[in-house]
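Note sheet for the following structure.
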Amino acid sequence: SDMGNRLVAANPPGFFREPFRTGLPTSIDELGWDSPILTALSEISHPPALKVHSIIAVRPSLLDQRPSDGMVSVESARVAGSDSETLIHAAHLCQDNPEVIAEVLRILREEATVDR
């Protein structure tokens, strides 16, 4: 894409990994286990001042299955160094779930009261 070419041209030659230099990945590209963007994000440590909160959906499952939201395992969804982690009973597409909304509000209220 034109935007991808401009981003690559505006940065040093080794700034982007190879898959990004040949074209912007689509959301479908990012579903793979070996997704370069997801891999890179998992390797980056966040600055200490940045608060990380994790809300992980978990569907009821059979005893012989790994806990997941139906698409992503709980193990894979975990973020190392999170300031909070909340498991909710829901499937993958859960943005409108009352438990998710309540947790987002809790986090926003908590962060709004932190002395800056």
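The values are calculated or read from the model by the stated rules, or taken from the named source; none is laboratory data. Just so it is clear, the structure is predicted and the values come from calculations on it, not from any experiment. Glycine gets a Cβ as well: all are built from the backbone with ideal geometry, and neighbour counts include every protein chain shown. Only protein heavy atoms, including side chains, enter the accessible area calculation; ligands, DNA and RNA are left aside. Shrake-Rupley method; radii C 1.70, N 1.55, O 1.52, S 1.80 Å.
Identify, please: which residue in the stretch 4-28 is at pLDDT below 75 and not charged (D, E, K, R) and is, among those, most open to solvent (accessible area, probe 1.4 Å)?
Of all residues in the stretch 4-28, those at pLDDT below 75 come to 17-25.
Then drop every residue that is not not charged (D, E, K, R), which leaves 19-20, 22-25.
Details: 19: 69, 20: 42, 22: 107, 23: 26, 24: 69, 25: 45 Å².
Within the stretch 4-28, the match that is most open to solvent (accessible area, probe 1.4 Å) is 22.
From the list 66, 106, which one is basic (Lys, Arg) and touching a strand residue (DSSP E or B) at 6+ places or on another chain (Cβ under 6 Å)?
Details: 106 fails: touching a strand residue (DSSP E or B) at 6+ places or on another chain (Cβ under 6 Å).
Sole residue among the options that is basic (Lys, Arg) and touching a strand residue (DSSP E or B) at 6+ places or on another chain (Cβ under 6 Å): 66.
Of the helices (runs of 4 or more DSSP H) lying entirely inside the stretch 29-116, those containing at least 2 residues that are open to solvent by 80 Å² or more (accessible area, probe 1.4 Å) span 36-43, 98-113.
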